[in-house]
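First up is the structure itself, then whatever we jot down about it.
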Amino acid sequence: MSFVRRVAVILGYEWRRALAKKWVLALIVLAIAFQTLILVALAQFIATALEVEFDTIWVVGVLQGQGLFVPLIAIIIAGGSMSEEYERGTADILLSKPITKVEYITGKFLGGFSVLCLVEGITTATGVVLSLGLFGPQSELQIAPVLFLAIAYSSLVFFSLSFMFSEVFRRGTLAMFTAFGIFIASSVVSQILSLLYLSTGEPLYDYISKGLPTWSTTNFAQFIVSQLIGTLQSPLQPISSGDFQLAAAIIAVYAGASIVIATVRLVKSDVSKKAD
Amino acid sequence: MNTLSSQSVITVSDLTKFYGDFKALDAVSFAVEKGWVYGYLGPNGAGKTTTIRTMLGLLKPDQGEVQITGINPTKDPVHALQSVGYAPELPTLQTFFSGEQLMEFTGKMFGLDKLTRKEKINQLIDLVGLKEWGNKKIGKYSKGMVQRLSVALSLINDPLVLIMDEPTIGMDPEATAHFRNLFTNLSKQGKTVFISSHLLDEVQRICTHVGMINRGKMVFDGPITQVLEAFTRKWVVEAELEKVTKRMISGLEKLDYVEDVEVEGNKLRIGLKEKKDLRGEISSEIFKRKGVLLSLNLQKITLEDAYLRALRGGEQK
């Protein structure tokens with residue numbers, strides 16, 4: 001059996017593991033409900049009051065849908081991916097089979113990430129369909145697949161961080177709380193630094209802000225949209241433009257470093273026994 | 001100790017493992033050949049599970065090496081573990097699978113094709129008595145059922161080497177007997193069975209060879225017939241007589257093959273110098289001295305006696 005087939009077997013396993021979790025399913029439902037709520041509210045209350053073209057509102061619908069829930073789902077799926085196998089004692093069963101640790105972690109990562117992509121695919125599709133239903137014909141729909149890929153790519157940051165903590169700590173709750181803590185702290189600090197940069201003009205604040213994990217995560221997809229179809233007027237907040245290449249590079253660094261750390265930790269250390 | 005031979009299916013050489021400062025395994029060496037049922041004995045914390053987990057490549061040895069069918073599982077788990085079936089002690093299986101789904105997944109991990117997987121699942125689910133439970137989620141299984149499923153999982157790849165950590169824990173007596181027969185039959189088919197167990201009676205019944213470990217060190221490794229001899233200082237014949245006389249005792253004490261005679265009421269415990277069944281000779285001597293023999297037994301030597309003696313650091317005779 002080849003490397004690819006062994007990775008694919010673990011990938012399929014990871015799908016079952018992630019989707020067997022009722023709270024992951026509950027969060028997916030919540031994410032869709034939240035997205036629906038925003039678009040319905042827009043249609044009912046704001047659209048009538050504003051004289052804005054709503055033919056690209058689907059972009060707002062899709063991006064708003066990602067908001068809090070998708071990073072949270074990413075953190076939960078990835079945070080339990082490696083750690084739960086140690087906590088339950090199933091890592092022994094999986095790794096006593098003819099598979100290398102690199103194949104195992106690759107299958108785990110790709111499995112969890114593909115589940116997340118499915119969720120993002122659903123929320124993207126929901127955003128488009130709801131916008132069509134609530135606001136009539138939409139334009140620029142041809143960029144929907146690119147927008148989906150951009151959202152998926154940007155979610156790599158917190159998925160990878162949580163995945164890394166899952167392997168490093170080998171405790172699911174600790175991994176999820178740490179990743180979520182970083183998400184919250186990074187969001188707050190980033191806002192503060194942006195304000196400081198605006199008020200002082202000191203570029204260091206801007207550099208640090210951009211280096212934090214939330215900047216690239218929250219902005220990359222918007223930068224891609226503005227690159228493709230220009231700056232959009234959103235009734236909620238403007239779709240900003242920016243250096244999408246820098247954002248892409250920062251995402252790659254966070255994801256790459258996290259994957260390398262997790263892999264080295266797995267390969268170099270013993271498979272720990274079930275915690276009593 | 002067994003010498004490492006080219007026939008060895010499992011070879012553990014000079015295996016040393018530390019957990020921090022604690023030496024869990026201290027230069028452990030043994031070899032298991034094709035068709036053996038090898039019982040691995042030791043008290044809690046002796047290093048049995050550490051040995052097994054190192055054999056499976058789950059732990060990296062600080063020194064020494066393990067080879068399964070000539071391949072090091074730490075360096076090449078794909079080839080080393082392809083022919084290994086493993087049933088862990090009190091396994092926690094993935095509860096989101098049904099028994100059949102988990103077997104299907106495990107079959108995929110071994111690269112079995114769809115048809116083979118289907119055949120194996122039907123055969124093994126039946127073999128372990130879970131036919132009616134195969135499509136139910138594992139979360140609903142009892143401990144004994146999980147244990148049985150774990151044994152079925154370990155057999156899905158038709159392994160050459162079976163590694164079992166306390167395989168019958170949690171099983172009812174009927175299932176235990178069934179699995180004992182299964183392991184014996186597997187060894188007759190040329191498979192090598194490595195069993196870690198606390199159940200000395202079970203080991204004595206099914207194992208051909210025994211390894212004993214205590215505080216991380218091997219204290220015995222050899223055929224089960226040897227272990228009984230090695231740690232049994234002397235054989236004892238117990239004779240119950242209608243009446244014990246001083247003349248009878250002194251007469252028996254003078255015999256060349258008798259080491260000592262202990263008296264307890266009308267019972268004599270006659271210690272022998274050799275490990276031989278000399279009940280015939282002893283009964284003749286008693287009859288010669290007009291004794292009326294009520295019973296005559298060779299004291300049974302159990303693996304437990306030998307095991308406890310080995311753990312106490314008893315000398316091998």
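The values are calculated or read from the model by the stated rules, or taken from the named source; none is laboratory data. Not measured: the values here are computed from a predicted model. Cβ sites come from the backbone with ideal geometry, for glycine too, and all protein chains shown count toward neighbours.
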Requested in this report: Could you tell me whether the range B:289-303 includes any residue that is part of a strand (DSSP E or B), touching a helix residue (DSSP H, G or I) at 6+ places or on another chain (Cβ under 8 Å) and farther than 30 Å from B:Leu41 by Cβ?
Outcome: yes
Requested in this report: Tell me which residues, restricted to the range A:258-276, are assigned to a helix (DSSP H, G or I) and either under 16 Å from A:Leu110 (Cα atoms) or touching a residue at least 40 places away in the same chain (Cβ under 8 Å) (or both).
Outcome: A:Ser258, A:Ile259, A:Val260, A:Ile261, A:Ala262, A:Thr263, A:Arg265, A:Leu266, A:Val267
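Each row is one residue, and each column tells you yes or no for (1) of a type in the set (Asp, Glu); (2) within 14 Å of chain B (Cβ to nearest Cβ); (3) touching a residue at least 60 places away in the same chain (Cβ under 8 Å); (4) under 21 Å from A:Phe183 (Cβ atoms).
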| site | (1), (2), (3), (4) |
| --- | --- |
| A:Ala8 | no, yes, yes, no |
| A:Arg17 | no, yes, yes, no |
| A:Ala20 | no, yes, no, no |
| A:Leu42 | no, no, yes, no |
| A:Leu72 | no, no, yes, yes |
| A:Ile76 | no, no, yes, yes |
| A:Glu103 | yes, yes, yes, no |
| A:Phe109 | no, no, yes, yes |
| A:Cys117 | no, no, no, yes |
Query raised in the report: A:Gly127: farther than 26 Å from B:Ile156 by Cα, out of contact with any strand residue (DSSP E or B) (no Cβ under 7 Å at 6 or more places or on another chain) and in contact (Cβ under 8 Å) with a residue 12 or more places away in the chain, yes or no?
Result: yes
Query raised in the report: What number of residues within the range B:17-53 satisfy the criterion of being closer than 17 Å to B:Met212 by Cα, away from chain A (no Cβ under 14 Å) and surrounded by fewer than 16 Cβ atoms within 10 Å (Cβ to Cβ)?
Result: 2
Report summary line: From the option list B:Gly144, B:Gly134, single residue qualifying as of a type in the set (Gly, Ala, Ser), assigned to a loop (DSSP other than H, G, I, E, B) and modelled with pLDDT under 90 is B:Gly134
Query - Criterion (farther than 19 Å from B:Lys191 by Cβ, over 23 Å from the mean Cα position of the chain (by Cα) and surrounded by fewer than 22 Cβ atoms within 10 Å (Cβ to Cβ)) met by exactly one of B:Thr74, B:Thr116 - result: B:Thr74
Query raised in the report: Would you call A:Glu84 of a type in the set (Asp, Glu) and within 28 Å of A:Lys273 (Cα to Cα)?
Result: yes
Report summary line: Per the filter on the range B:203-237, residues surrounded by fewer than 22 Cβ atoms within 10 Å (Cβ to Cβ), of a type outside the set (A, V, I, L, M, F, W, C) and not in a strand (DSSP E or B) are B:Gln204, B:Arg205, B:Thr208, B:Arg215, B:Thr225, B:Gln226, B:Glu229, B:Thr232, B:Arg233, B:Lys234
Report summary line: The correct count of residues that are more than 9 Å from chain A (Cβ to nearest Cβ) and without any contact (Cβ under 8 Å) to a residue 24 or more places away in the chain in the range B:74-92 is 2
Requested in this report: Kindly establish whether A:Leu236 is assigned to a helix (DSSP H, G or I) and either of a type outside the set (S, T, N, Q) or at pLDDT 90 or above (or both).
Outcome: no
Report task. Provide a single number: the residues in the range B:54-73 that are free of Cβ contacts under 8 Å to residues at least 24 places away in the same chain, more than 7 Å from every other protein chain (Cβ to nearest Cβ) and under 26 Å from B:Leu199 (Cα atoms). Result -> 0
Report summary line: Apart from one, (1) surrounded by fewer than 23 Cβ atoms within 10 Å (Cβ to Cβ); (2) at negative phi; (3) of a type outside the set (Asp, Glu); (4) modelled with pLDDT of 90 or more all hold for B:Thr69; the odd one out is (2)
Report summary line: Within the range A:80-98, the count of residues that are assigned to a helix (DSSP H, G or I), hydroxyl-bearing (Ser, Thr, Tyr) and more than 25 Å from the chain's Cα centre (by Cα) comes to 1
Query raised in the report: In this structure, is A:Thr214 more than 30 Å from A:Ile99 (Cβ to Cβ), crowded, with 18+ Cβ neighbours inside 10 Å and modelled with pLDDT of 90 or more?
Result: yes
Query raised in the report: Of B:Ile125, B:Ile169, which residue is touching a residue at least 12 places away in the same chain (Cβ under 8 Å) and touching a Leu at 6+ places or on another chain (Cβ under 8 Å)?
Result: B:Ile169
Requested in this report: Could you check the range B:1-87 for strands (runs of 3 or more DSSP E) lying wholly inside it with 1 or more residues that are closer than 16 Å to B:Ile163 by Cβ and touching a Phe, Trp or Tyr at 6+ places or on another chain (Cβ under 8 Å)?
Outcome: B:8-19, B:22-33, B:37-41
**Report entry** Yes/no for B:Thr95 being of a type in the set (S, T, N, Q) and within 10 Å of chain A (Cβ to nearest Cβ)
**Finding:** yes
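Quick grid of which residues meet (1) aromatic (Phe, Trp, Tyr); (2) assigned to a loop (DSSP other than H, G, I, E, B); (3) within 33 Å of the chain's Cα centre (by Cα):
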site: B:Ala239; (1), (2), (3): no, no, yes
site: B:Arg247; (1), (2), (3): no, no, no
site: B:Gly271; (1), (2), (3): no, no, yes
site: B:Lys276; (1), (2), (3): no, yes, yes
site: B:Tyr307; (1), (2), (3): yes, no, yes
Query - Hits in the range B:238-269 - residues which are surrounded by 16 or more Cβ atoms within 10 Å (Cβ to Cβ) and within 22 Å of B:Asp305 (Cα to Cα) - result: B:Glu238, B:Ala239, B:Val258, B:Val261, B:Leu268
Query raised in the report: Taking B:Gly134, is it in contact with a strand residue (DSSP E or B) (Cβ under 9 Å, 6 or more places away or on another chain), more than 13 Å from chain A (Cβ to nearest Cβ), surrounded by fewer than 22 Cβ atoms within 10 Å (Cβ to Cβ) and farther than 23 Å from B:Thr51 by Cβ?
Result: yes
Report summary line: Exception for B:Met171 within (1) over 13 Å from the mean Cα position of the chain (by Cα); (2) at pLDDT 85 or above falls at (2)
Query raised in the report: Using beta carbons and a limit of 8 Å, which pairs, at least six apart or on different chains, have the first residue in the range A:83-95 and at the interface with chain B (Cβ under 9 Å from one of its Cβ atoms) and the second one β-branched (Val, Ile, Thr) and part of a helix (DSSP H, G or I)?
Result: A:Leu94/A:Ile10
Report summary line: For A:Leu174, the lone unmet condition from (1) buried (at least 20 other Cβ atoms within 10 Å of the Cβ); (2) over 13 Å from the mean Cα position of the chain (by Cα) is (1)
